[in-house]
Amino acid sequence: MSQEAEAGDEFETRLKVYEGQRAAVARMGKDPVNAPMIRHWCEAMGDTNPAYSGPDAIAPPTMLQAWTMSGLSGHTRGTHAYDELLGLLDEAGYSAVVATDCEQEYLRPLRPGDEITYDSVIESVSERKTTKLGTGYFVTTRMDVRVGTDLAGTHRFRILKYAPRRQPGPGRSDKPPRPRPVVNRDNVGFWEGVRSRTLLIQRCTGCGTLRHPWLPGCNACGGLDWDTVEAGGEGTVYSYVVMHHPPFPAFDPPYAVGLIELAEGVRMIGNVVGVPYDKVRIGLPVRLEFQDCGEELVLPVWLAQEDREIQETQKYRDIEETPENQQVQEIQRAGA
């Protein structure tokens, strides 16, 4: 065995020591489960399930992680073991990080007023993997969310700590590639459609309800059977944010990310392009375009339409106001 291979085995052995150690212990949610947050979530997701409103309301199960989030003020950092694991990877050159996927299990409904606590454990550290982003290690943590002594749900969160691949040289950019979307068994059909430059919306074959993001079942009638319809590509900006911080090497902030309401009634998230970020506004008409991001990555983006029309009008106005055109108009008026 080569010295390099031996060093690699020794490093992976050191990483495996952290499996089973705590990443967070007995933390409290910053706010109890509450009706305003449930309402905002449902409005943003377009979820009108009556179970999430009224005196006997429960929180949507997929909000499980929302009650553990720290906000801009943050929590205290992780346990010594978790910080040490990430530091070890940083020192070895695996300094970049990207979230890859999560898995949730729901055991008890959460209701307004519930105070949640949670613990987190380092569940696994993978062997070294080579991905399109670079070579690194997948670190999986499992969070157990409780109300009192009752286990309400579990949340597995997986990140990739990796050394970014660099491609220096004439005519080649040092800019890291754009992170890839998480593709799983529930949404693979959507991304296959995008790759062929088609935007597909799920449709329940039981009640006809359209839905996005893609889900295994209908949130209106509970039906499991579905087909798809192709979106026409017209929409408006329902809401948006301008990303300034944190800066990611693969992006050029500031840029606008919009929640787009399609003409079909569903909403989806995407970059708003074609206008400066500070010209984006709620109600702005947009149209679907597909952006080739390299390395066989195609993403749907939303091109502002109103400003394009303004630009076209201004272009023709500028032509009309040229000295040559004004002279022609004066001759025409004189002849009349």
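Here, each number is a calculation from the coordinates, and none is a lab measurement. Fair warning: this is a prediction, and the values are worked out from it, not measured in the lab. When we count neighbours, we look across all protein chains shown, and the Cβ atoms used for this are built from the backbone with ideal geometry, even at glycine.
Starting at the first residue of the stretch 145-159, write each ³J(HN,Hα) from the Karplus equation 6.51 cos²θ - 1.76 cosθ + 1.60 with θ = phi - 60°, in whole Hz, x for Gly and Pro.
9, 10, 10, x, 9, 7, 6, 8, x, 10, 9, 9, 10, 10, 10
State, to one decimal in nm², a quarter of the convex hull surface area for the C-alpha atoms of the stretch 130-244, i.e. the direction-averaged projected area.
12.5
Would you mind estimating how fast the stretch 1-154 diffuses translationally, via Stokes-Einstein at 20 °C and 1.002 mPa s with the Kirkwood radius over Cα pairs, in µm²/s? All intermediate terms of the calculation are to be shown ahead of the outcome.
Values: Rh = 17.8 Å.
The diffusion coefficient I find is 120 µm²/s.
So for the pair Ile269, Thr154, with labels modelled 7 Å out along Cα→Cβ, what separation do we get in nm?
It works out to 2.6 nm between the two label points.
Once the piece of chain linking Glu234 and Glu289 is laid out straight, how much longer is it, given 0.36 nm per residue of separation minus the C-alpha distance between them?
Working: separation 55, 0.36 × 55 = 19.80 nm, distance 1.01 nm.
Once the chain is fully extended between Glu234 and Glu289, it gains 18.8 nm.
Figure the gain on full extension for Asp227 and Arg108 (residue separation times 0.36 nm, minus the Cα-Cα span) and round it to one decimal in nm.
Length difference between fully extended and current span is 39.8 nm.
Could you run the Karplus curve 6.51 cos²θ - 1.76 cosθ + 1.60 with θ = phi - 60° over the stretch 184-194 and give me ³J(HN,Hα) per residue in whole Hz, x for Gly and Pro?
Values, residue by residue: 9, 5, 7, 10, 4, x, 4, 6, 5, x, 4 Hz.
How far apart, in nm, are two points set 7 Å out from the Cα along the Cα-to-Cβ line at Ala44 and at Thr198?
The answer from the label model is 3.1 nm.
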